[in-house]
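One structure is given here, and the rest of the page talks about it.
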Amino acid sequence: ASVSDDETLKIWEVNTGRCLNTVPLGGIGRCVVWCPSTRITLVAVAADKKVLLINPKVGDTWAQSKTDRLLGLVPPEEVTKITSERVRTAVNWEHVFSGELYDVGVRIIITHFKEVKQVAFHGGANYFVSVLPEGQNRAVIVHQLTRRTSQLPFSKPRGLVQAALFHPTKPRLIVATQKHIRIYDLVKQEMVQKLMSNSKWISSIAIHPGGDNMLVGTYDKKLLWFDLDLSCKPYKSLALHSQAIRGVAYHKRYPLFASTSDDESVIVSHGMVYSDLLQNPLIVPLKRFSNHEKFNDFSVFDVVFHPYQPWVFT
C-alpha cells in the first residue's frame, strides 16, 4: 500500500505490480500501515488531521467480512463515556456505515486536533498509536480498536515528537523526540530508559523483532544502532549516506536492515543479533540500490521489508 500528495491510497499487487484499489483520502497522505493480524484485512492511513481505518478489500474473503463485522460494531455508550475531557477535545471517532466512503472501504475516521504524521500498530493488533508533532503535551495518542477509545499515555513528551512505536514483546511505548528516544512502561506508567542519539534531529526509528536492538535514522546523515541492554548511547554509528536519512526498517525473519536517504539510495545491510548476550551484534553493509531520482531535493521517503520474503519496498 502507498499514500501520496495526490490525496489517495493505492493498494498494489506485489506479483504483478498492478494497482488493485484507489481510495480517496480527502487530504495528503503522510503514513500508511497494515494491521499485523492475519485474521483481518485492515489498513490505517494518516491524512492531514485524520486517521482512516480502511478495509482494502483484498485477500481472503472471510478475513474481509470479519474486518467489516469488527469495525461495524459500535461499543456501548458507557464505554466511550469514560474518556477524559483532554482526550475528547483531541480526538473524535466516527463510524462510516454508508455512502461513497463506505463503498471504497473506509470504515472508521478518527479526527485529531492537529495534523497526524505517523501511525503504528501494536503487535497484538488491538492498539495503535498516532503521532501529532504539533500536539505539544498531546503529541502521542494511543487508540484501542475494539473499544473505540483513545488515551494519552503521558502528560509531557518532553520535546518535539518525531515518531512512536510499540515494543514487540513488552508493554512498552518507544517515543523519539528531536534528540532523544524515551521508552515508557505502559503498565507502570513510567519512563524506563532514555537513549542519547548525539545527533541534531532524529527522522525515523525501528525496533528489532527480538526487542533488544534499535535503529535510528537522523537528518544529519547518521544511521545509529542501539543495543538496549548494553548502553543508552549508540553501539554503532554508521556513515553510509551522504544526505538526510528518511527511513529505517528491520526484516522480521532475516538478519537484514535497510535505510533510505535523500542521496537517492537504499542501503540493505546484514544485522545479526545473537542469543548469547555476551556476543555483540554483527553489522555488515551489503548492497546499495540507486534506482530513485530526486525531486525538489527529496528522494526516498520510506522503506519496508516484505513480511516473509527477502524483498524490500521503497
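Length gain on complete extension for the stretch residue 13 to residue 232, per 0.36 nm per residue less the alpha carbon to alpha carbon distance?
Difference between extended and current length: 74.7 nm.
Could I have the simple spin-label model distance between residue 97 and residue 291, label points 7 Å from Cα toward Cβ, reported in nm to one decimal?
Going by the 7 Å Cα→Cβ label model, 4.6 nm.
Please state the Cα pair-distance histogram of the range 1-115 with 5 angstrom bins from zero: what percent is in each bin?
Distribution as computed: 2, 11, 20, 23, 20, 13, 7, 3, 1, 0 percent.
For the chain, take the longest principal axis of its alpha carbons; what is the angle in degrees between that and the long axis of helix 61-72, to the nearest 10 within 0 to 90?
That works out to roughly 70 degrees.
What's the local net charge at residue 203, with K and R +1, D and E -1, over the other residues with C-beta under 15 Å away?
My count for the surroundings of residue 203 gives +2.
What are the equivalent ellipsoid semi-axes of the range 153-314, built from the alpha-carbon gyration tensor (square roots of five times its eigenvalues), in whole angstrom, biggest first?
Output for the range 153-314: semi-axes of 25, 19, 14 Å.
Provide 229, 68 in ascending order of the number of other Cβ atoms located within 10 Å of each residue's Cβ, fewest first.
Taking fewest neighbouring Cβ atoms as first place, the list is 229, 68.
Expressed as cubic angstrom per residue, what is the convex hull volume of the alpha carbon set of the chain?
Once divided by residue count, the hull of the chain is 137 Å³.
Pop a pseudo-label 7 angstrom from the Cα along the beta-carbon direction at both residue 185 and residue 49 and give the gap in nm to one decimal.
Rounded to a tenth, the inter-label distance reads 3.7 nm.
What is the set of long-range amide H partners of residue 249 at a cut-off below 5 Å, with H atoms built 1.01 Å from backbone N?
258
In nm, to one decimal, how far is the modelled label at residue 272 from the one at residue 301, with both set 7 Å along Cα→Cβ?
Going by the 7 Å Cα→Cβ label model, 3.7 nm.
Quick one: which residues, 5+ away or cross-chain, put their amide H under 5 Å from the amide H of residue 122? H built at 1.01 Å from N.
127, 128, 129
Can you give the net charge of the other residues whose Cβ lies under 11 Å from the Cβ of residue 277, counting K and R as +1 and D and E as -1?
The answer is -4.
Over 28 Å between Cα atoms, which of 170/233; 156/233; 233/294; 10/49 qualify?
233/294
Kindly state, to the nearest 0.05, the FRET efficiency for residue 34 paired with residue 169, given R0 = 22 Å and r defined as their beta-carbon distance.
So the FRET efficiency works out to roughly 0.65.
Please arrange 60, 276, 48 by how many other C-beta atoms lie within 10 Å of their C-beta, fewest to most.
Listed from fewest to most nearby Cβ atoms, that is 276, 60, 48.
For residue 213, list long-range residues whose amide hydrogen, built 1.01 Å from N in the peptide plane, is under 5 Å from its own amide hydrogen.
The answer is 208, 228.
Readers should treat all values here as calculations from the given coordinates under stated rules, not as data from a laboratory. This is a predicted model, so every value here is computed, not measured. Methodologically, a virtual Cβ is constructed for each residue, glycine included, from the backbone with ideal geometry; neighbour enumeration extends over all protein chains shown.
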